[in-house]
Amino acid sequence: MDQFVIKGGKPLEGHVTIGGAKNAALAILAASIMTGDVVLIDNLPDVRDINVMLGAMEEIGAKVDRIDRHTVRIDGANISSLSVDYEFIKKIRASYYLLGALLGRFRQAEVALPGGCAIGARPIDLHIKGFKALGADIDISYGLISAKAKELTGSHIYLDKVSVGATINILMAATLAKGKTIIENAAKEPHVVDAANFLNSMGANIRGAGTDVIRIVGVDSLHGTEYSVIPDQIEAGTFMFAAAATHGNVTVHNVIPRHLEATTAKLLETGCEITEYDDAVRVNASNLEQLIRTQVTTLPYPGFPTDMQPQMTAVLGLALGTSTVTESIFENRFKYVDELARMGARIQVESNIAIITGVERYTGARVAAPDLRAGAALCIAGLAADGISVIDDAYYVQRGYEHFEQKMQDLGADMELADSEHAARKFILRVS
């Protein structure tokens, strides 16, 4: 089992380039099979979730050509199955986007109930509500969701709760429905906008993505396109927080600074110096004796992202005074706190609030990543810690970060991905 081995205590310094947004890419890949024409997508992150999605698409008959690590050509002309295998769905929740894509194009789809990181209940009732409003019949039995429709017809859909997944899934199905669809209380996240822009480049008629009201006029068919995925705001934020925790000085390239405003605001509150460029952000914490406490509440975009909550908590664990982090999106996203406590953090969780009393430093320990973003947070803690840390279950981090350890090494970190206990011991001997 892969594990990250880290000798902490060194400030991160230098430059790092951010890859394509995983969450945007997953939706765009699913949408690419809504046409029988060839689609070319670049700036894909080479991470496990993307490779699982491509495997699921190949399984149902799409032709997938990997031109290089970050570029793929997809031909959906010969889709032969409208049922997505459970083996793919249990690995990544976003495979459910194939439900909206297949329903839109073929008026029929069957997908297993989704899996993914165990960070709390993520019901798909809003997806089902949207599909039903468009005229689909839904059946849930034997662990499968089946959607069928003789015809999809535009509708006025109000989402009771802001949901990125439901917004994108309904968006895809409505793109090829007859008439006009309005989605109210829609998610405004950058990857919703990117998925809509991708569909528009294929001939869709979607307006309002990025606001809470999206209007879709259905079209008869979509055509091929070439498209580049936006940069990953969560990967960018993770490196920004790593710079803060280690009192480093890091410039993060290939970003859209506007997408990072909530992250940047909280780093400013902790005392970091932030410099924004056209497509880069610099975080300088090298002159700080200790970070400053603050309060954070996760909210739908443009609020502070839930996917940055564990990393923020790891940073605030080193801030002077008492901070609070309130999780308003997922109810089970503090599973990593016990692991962080093994490294010396002082955190008390009450309901959906983490009360954090800052410590001067973390100490190295062996911990296990419970999910993707928590794994990244534990790595940040390890980089800031005194001594050696081992983060087990590194595959969680590899689901969403491309060559995470290599990018950290390029910033000066003593960090390695070890595929065995023997490899881990060799690294520890070398850096001790």
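Here K426 clears all of (1) in a helix (DSSP H, G or I); (2) crowded, with 21+ Cβ neighbours inside 10 Å except the condition numbered (2). Residues that are modelled with pLDDT of 95 or more and more than 29 Å from H253 (Cα to Cα) do not occur anywhere in the range 39-47.
Residue by residue, here is whether (1) part of a strand (DSSP E or B); (2) more than 19 Å from M240 (Cβ to Cβ); (3) open to solvent by 30 Å² or more (accessible area, probe 1.4 Å); (4) out of contact with any Ser or Thr (no Cβ under 9 Å at 6 or more places or on another chain) holds:
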| position | (1), (2), (3), (4) |
| --- | --- |
| E339 | no, yes, yes, yes |
| M343 | no, yes, no, no |
| C379 | no, no, no, no |
| Y401 | no, no, no, no |
| M408 | no, no, no, yes |
| L417 | yes, yes, yes, yes |
| H422 | no, yes, yes, yes |
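Of the residues making up the range 314-327, those that are in a loop (DSSP other than H, G, I, E, B) and either surrounded by 15 or more Cβ atoms within 10 Å (Cβ to Cβ) or touching a helix residue (DSSP H, G or I) at 6+ places or on another chain (Cβ under 6 Å) (or both) are G317, L318, E327.
Applying the set (1) modelled with pLDDT of 95 or more; (2) acidic (D, E); (3) open to solvent by 10 Å² or more (accessible area, probe 1.4 Å) to D139 leaves exactly one unmet item: (1). Just one of (1) touching a residue at least 24 places away in the same chain (Cβ under 8 Å); (2) in a strand (DSSP E or B); (3) farther than 29 Å from N51 by Cβ fails for Q348. It is (1).
Among the residues here, T167 does not qualify as within 27 Å of G210 (Cα to Cα), touching a strand residue (DSSP E or B) at 6+ places or on another chain (Cβ under 7 Å) and surrounded by fewer than 18 Cβ atoms within 10 Å (Cβ to Cβ).
Regarding the range 285-296, can at least one residue be identified that is acidic (D, E) and within 23 Å of the chain's Cα centre (by Cα)? No, the conditions are met nowhere in the range 285-296.
Summed over the range 346-378, the residues that are closer than 24 Å to E289 by Cβ and of a type outside the set (A, V, I, L, M) give a count of 8. Considering the range 288-303, and only residues there that are part of a strand (DSSP E or B) and open to solvent by 10 Å² or more (accessible area, probe 1.4 Å), the residue that is nearest to T363 (Cα to Cα) turns out to be I292.
As a summary of the residue check, Q309 satisfies the conditions (1) in contact (Cβ under 8 Å) with a residue 40 or more places away in the chain; (2) closer than 30 Å to R107 by Cα except for the one numbered (2). Might you let me know whether the range 384-393 holds any residue that is more than 20 Å from D49 (Cα to Cα) and surrounded by fewer than 18 Cβ atoms within 10 Å (Cβ to Cβ)? Yes: one or more hits.
The values are calculated or read from the model by the stated rules, or taken from the named source; none is laboratory data. Just so you know, these numbers come straight off a predicted model, no measurement behind them. Methodologically, a virtual Cβ is constructed for each residue, glycine included, from the backbone with ideal geometry; neighbour enumeration extends over all protein chains shown. To get the accessible areas, we keep the full protein, side chains included, count just its heavy atoms, and leave off ligands, DNA and RNA. Shrake-Rupley method; radii C 1.70, N 1.55, O 1.52, S 1.80 Å.
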